[in-house]
Amino acid sequence: MRLYWEVFRHGFRRYASYRAATVAGLFTNTVFGFLRAYVLVALFAATATVGGYDLSDALTYVFLGQGMIMTVYMWSWWEIALAIRSGDIVTDLSRPFDYQSYWLAQDLGRACYHAVFRGIPPFLVGALVFDLRLPGSPLTWLLFVASVAVAVCVSFGLRFIVNLAAFWLLDYRGVGAISTACGTFLSGFVVPIAFFPGWLAAIAHVLPFRGMIQVPIDVFLEKERGWALVGVLAVQLAWAAALFAAGRLLLGAARRRVVVQGG
Amino acid sequence: MGSELALYPRLAWSRVRGQVEYRLSFVLMLVGYFAATVADFLAIWVIFLHLPLLAGWTLGEVAFLYGTSYVSFKLADMVVGHLDVLPTLVRSGSLDTLLTRPLGSLFQVITIDFGLRHVGAIAQAVCVLAVACVTAGVPWDAARVAMMPVTILSGTVIFASIWVLGASTVFWTMGNGLEVMNTFTYGGNQMANFPINIYAGWLRRLIAYVVPLAFVTYFPSLYLLAKEDPLGSPGILRFASPLVALGCVAAARFAWGQGIRHYQSTGS
Amino acid sequence: MALIEVENLSKQFRVARKPEGGRGRLRRLRRDFADVHAVDGVSFAVEAGEMVGYIGPNGAGKSTTIKMLTGILVPSGGRLSVAGFEPSRQRRELARQIGVVFGQRTQLWWDLPLADSFDLLKHIYHVPMARFAANLERCVELMEMGEFLRTPVRQLSLGQRMRGELTAALLHDPAILYLDEPTIGLDVVAKARIRAFLTALNRDAGTTVLLTTHDMGDIERLCRRVIIIDRGGILYDGALDPLKARFAIERTLVVDLEEPAPPLEVPFAIVERVEGPRQWLRFQREQTSAADLIAAVARAAHIADLRVDEPSIEDVVLRIYAGGAGERFSSTPSPG
């Protein structure tokens, strides 16, 4: 356990050393927030509510989403795929710790750093210009933080699986681009799932992606209450566990492949 | 300059050959990039499910803006998008090797790669644009047909110039904070996908005029779609894109020249 | 007019000096700068057809000079003319007259077969077909490259790649060839091959060669003239032989005996170090030859293995300082 705690802290510190990159990324995330916000402002100029969202909900949604890009790390994380390509994976797998847990710990450490330094600032800047919503109940805040943590696990589970695909494919970037596209759209990042037409929303509801963005934000906006809320969070958690388990099975298969072929 | 233009296809082809070597991977990559950008258009389509006109523009018209901007953006990305490796080139000393050849420094950095994978995204944008050309109600005539390639080319040049300008800062910053460039490239495309009259004045002035993204598609599209400008800009702006593009090239060349000069006086 | 003319050349860099105290943010705000004189008033001339070793310890200013000679860096002072061009102003024109090999970096296309890299260079330098074919054939033949011409560069061994780099630098018949550590990391056979090729090139094509290296062997086999630079200034410019006679007089014979022995007692040599069966014997070349010394050692003990260490460039420079008290001197440059 002690090891994973150290790995967690290392994950945090590792990203803390790129200060210029953090500031530059923040700038980009925030400007994109404004670009997306004004599209919604134009939309809500024509209608008062869409899919149960009013303008304030939608703007809150945008700036929370901009902050969550890096926190859940939706795009381009290829450390394992690169290790597979270079062959370093063979030594990594023979180390005396659980490979998947190691990376999860490091990813959670990273997520903590990004949540604080990339997650909160875009929201604060957005709140200076727009009327953003803040939950009143402390319980909502608590559940939101918990749901973001689970969102990181869902995202990690997916990324872990996509990275392992590099064991079987010569180039992982194609699969990566497809999964990124699905993740970006079906997570509800680009447009809230509530805005989707019925059939598309139905598809998004049975897939794990919404656990990365839509679920935590809906918790924040208090879109679900009571048992419905419990249900949504339970499904999110179940996906995180299922993806983790699937990643484990895949890792087992990859490990056998390494043993058989020597890498 | 002339000899470099003649060399470009040869060098680009040498970059492409390696990429298509593994056919399945390459096809998957094209599909991936196609899918990734389809999601961008789906977002626009979803918004129009809830209203007929966005700030006075129909879905077809916004699709037209999206198509022209996206094709320009991805063409530029294909040719110069890999300028973000410049910090690595400087740090590893590879730039020095390039400087010992009888070619321009910018030309050589650009020909280090060729982003053939962006063809996937370009295909998607061309599809959207093709449909939009029919559905957006363009009153096609000879002048408008001729204006289309001019618009795309000007847009490509404007985006490429922004990339070069951003990359030129590397000679001073060593690539610290180069990600800001994404705000003006990817962000510029995102912005140009929508009619600029939806943006608040400060943002519009910053990204549309200071960084002249309104000339990528908004102004020429007003002409092509025969639309009144909700912002009431002078009509001459609709034809100014090629001039603006030339201005951008001059600015980019100047910035790159200053950057190289700075590099040559300081080393890495 | 000489092919390369360097007059009072200097280059200063402004580097940020880290203040000792102060924490994170404060350090950012207050930045001290210091001027470093990487090259400080260097003058020399190289005639066409010469083969000159430009040597010195790390950080002496060698690469900075080469970068100015190739037009990569702009001098902060002095005058520079290479093949009639002012390098930093006429970088692209000059590029057609020079070939450059930086030992640690590649000018080849990593993912292409070697032959394809050559083909691209042919177009970049506008080399006429017949000349290209002749130049390539000569290099391929002299350096035995036929076997790996179709191999992607990333799969070549270091020695093969270096032969490729040399060829790449010579396809356009440059008047001047700059070599920066061309034999670094190569084994004895590969080094010998490269040296033989360079000798032939200089003899047959009359190519002027300016060579920076840490390898005394390179200098001895290739250069009649050396320029030694240290701390940005020229310490010695002249023929290699007097330099060797005066400063590179001591060599070391390293012998591995079949079993450990007390320090050997042989004439004209001093045992410097003993480590198990291995002994280091220092000797002066004017007192005894390596062959005589080896014979003497062989009479005293059974030798399993041996090698002769040349003094390093650093040693030579140290000796120049010790001998001449840092006073700069030069002899007349030997004509090519």
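Out of A:PHE196, A:LEU108, A:PHE97, whose Cα points farthest toward the positive end of the dipole of region A:2-261 (charges: +1 Lys, Arg; -1 Asp, Glu; placed on Cβ)?
A:PHE97
Only Lys, Arg, Asp and Glu count, each charged at its Cβ (+1, +1, -1, -1), so figure out the dipole size of the protein assembly as shown about its Cα centre, rounded to 20 debye.
Numbers: 79 positive and 69 negative charges, 321 e Å.
Using only the charged Cβ atoms, the result is roughly 1540 debye.
Can you give the FRET efficiency for B:VAL134 and B:ALA226, using 1/(1 + (r/R0)^6), R0 = 25 Å, r = Cβ-Cβ distance, to the nearest 0.05? If you can, show how the numbers build up before the last one.
Working: r = 15 Å, r/R0 = 0.61.
In this case the efficiency is close to 0.95.
Please order C:GLU50, C:GLU86 by the number of other Cβ within 10 Å, starting at the fewest.
Details: C:GLU50 23, C:GLU86 15.
If I rank by nearby Cβ atoms, fewest first, I get C:GLU86, C:GLU50.
Can you list the HN-Hα couplings for region B:219-229, worked out from phi with the Karplus curve (6.51, -1.76, 1.60; θ = phi - 60°), rounded to whole Hz and with x for Gly and Pro?
Couplings: 5, x, 5, 4, 5, 4, 8, 6, 10, 6, 7 Hz.
Count the net charge of all other residues whose Cβ sits under 12 Å from the Cβ of C:TRP110, scoring Lys and Arg as +1 and Asp and Glu as -1. Don't skip to the end; give the middle numbers.
Details: positive: B:ARG15, C:ARG105, C:ARG154, C:ARG161; negative: B:ASP113, C:ASP111, C:ASP116.
Cβ neighbours under 12 Å give a net charge of +1.
Note down the relative contact order for region C:104-213 as a percent, whole number, built from C-alpha pairs under 8 angstrom at least six residues apart. Please report the intermediate quantities before stating the final value.
Values: 110 pairs, mean separation 33.2, N = 110.
That works out to 30 percent.
Which net charge results for the neighbourhood of B:ALA136, defined as the other residues with beta-carbon distances under 12 angstrom from its beta-carbon, given Lys and Arg at +1 and Asp and Glu at -1?
Details: positive: B:ARG144, B:LYS227; negative: B:GLU61.
Its environment carries a net charge of +1.
So what is the relative contact order of chain A, in percent, for Cα pairs below 8 Å that sit 6 or more residues apart?
Working: 286 pairs, mean separation 66.5, N = 263.
Relative CO of chain A lands at 25 percent.
Charges only on Cβ, +1 for Lys and Arg, -1 for Asp and Glu: so what's the dipole of chain C about the Cα centre, in debye to the nearest 20? Don't jump to the answer; show the numbers that get you there.
On the way: 44 positive and 44 negative charges, 355 e Å.
The calculated dipole for chain C is roughly 1700 debye.
Using +1 on the beta carbon of Lys and Arg, -1 on that of Asp and Glu, and nothing else charged, what's the dipole of chain A about the Cα centre, debye to 20? Don't skip to the end; give the middle numbers.
On the way: 20 positive and 13 negative charges, 141 e Å.
About 680 debye.
Would you mind pulling out the separation of the Cα centroids of region B:120-160 and region C:84-131, in Å?
Between the Cα centres of region B:120-160 and region C:84-131 lies a distance of 40 Å.
Among A:TRP227, A:TRP75, A:TRP239, which one shows the highest mean-square fluctuation when chain A is modelled as a Gaussian network with alpha-carbon springs under 10 Å?
A:TRP227
So for the protein assembly as shown, if I pair up every lysine 8 or more residues apart or on another chain, how many of those pairs have alpha-carbons under 22 Å apart?
Details: C:LYS11/C:LYS62; C:LYS11/C:LYS67; C:LYS62/C:LYS191; C:LYS62/C:LYS244; C:LYS191/C:LYS244.
So the count of such lysine pairs works out to 5.
Tell me the angle of helix B:142-168 to the major Cα principal axis of chain B, expressed in degrees between 0 and 90 and rounded to the nearest ten.
Roughly 40 degrees between the two axes.
For C:MET1, B:MET181, C:MET162, which order do you get if you count the other beta carbons within 10 Å of each Cβ and list the fewest first?
C:MET1, B:MET181, C:MET162
Could you compute the FRET efficiency for B:TRP13 and B:THR88, with r as their C-beta to C-beta distance and R0 at 22 Å, rounded to 0.05?
On the way: r = 23 Å, r/R0 = 1.06.
With R0 = 22 Å, the Cβ-Cβ based efficiency is 0.40.
Quickly estimate the mean residue ellipticity at 222 nm for the protein assembly as shown, helices only: each DSSP H run with n ≥ 4 gives -39500 (n - 2.57), and the total goes over all residues, rounded to 500.
Details: 37 runs with 486 residues, N = 867.
Taking each H run of at least 4 residues, the total per residue is -18000 deg cm²/dmol.
Treat the count of other C-beta atoms within 10 Å as a stand-in for reagent exposure and order C:ASP204, C:ASP292, C:ASP237 from fewest to most. Working shown, then result.
Details: C:ASP204 10, C:ASP292 15, C:ASP237 23.
Least to most surrounded, the residues fall as C:ASP204, C:ASP292, C:ASP237.
Within the set of other residues whose C-beta is less than 15 Å from the C-beta of B:ASN189, count the net charge using Lys and Arg as +1 and Asp and Glu as -1.
Values: positive: A:ARG36, B:LYS74; negative: B:ASP40, B:ASP77.
Computed value for this residue: 0.
Looking at the protein assembly as shown from every direction and averaging, what is the projected area of its Cα convex hull in nm²? Walk me through the numbers before you get to the answer.
Numbers: hull surface 179.3 nm².
So the Cα hull casts an average projection of 44.8 nm².
Under the rule a/c < 1.5 gives rounded, and otherwise a/b versus b/c splits prolate from oblate, where does region A:2-261 land using the Cα gyration tensor?
Numbers: a/c = 1.89, a/b = 1.66, b/c = 1.14.
Cα axes put region A:2-261 in the prolate bin.
So which helices of chain A fit the span-like rule, where a helix is a whole DSSP H run, its Cα atoms reach 30 Å or more along the axis, and its mean Kyte-Doolittle is at least -0.5? Working shown, then result.
Numbers: long enough: A:19-46 (41 Å, 1.40); A:138-164 (39 Å, 1.92); A:226-261 (52 Å, 1.23).
Qualifying helices, which must be both long enough and hydrophobic enough, are A:19-46, A:138-164, A:226-261.
With a cut-off of 8 Å between alpha carbons and a minimum separation of six or more residues, what is the relative contact order of region B:2-266 in percent? Before the final figure, lay out the partial values.
Numbers: 310 pairs, mean separation 68.6, N = 265.
Relative contact order comes out at 26 percent.
For chain C, take N as its residue count and report Rg(C-alpha) divided by 2.2 N^0.38 Å. Write out the running numbers ahead of the final one.
Values: Rg = 23.1 Å, N = 336, 2.2 N^0.38 = 20.1 Å.
The reported ratio for this selection is 1.15.
Pull up all non-local amide H partners of C:ARG224: gap of 5 or more, or a different chain, and H-to-H distance under 5 Å with H placed in the peptide plane.
Placed amide hydrogens put C:MET51 under 5 Å from C:ARG224.
Values in this text are rule-based calculations from the coordinates and carry no lab data. None of these values were measured; they are calculated from a predicted model. Quick reminder, even Gly has a Cβ in these numbers, built from the backbone with ideal geometry, and neighbours come from all protein chains shown.
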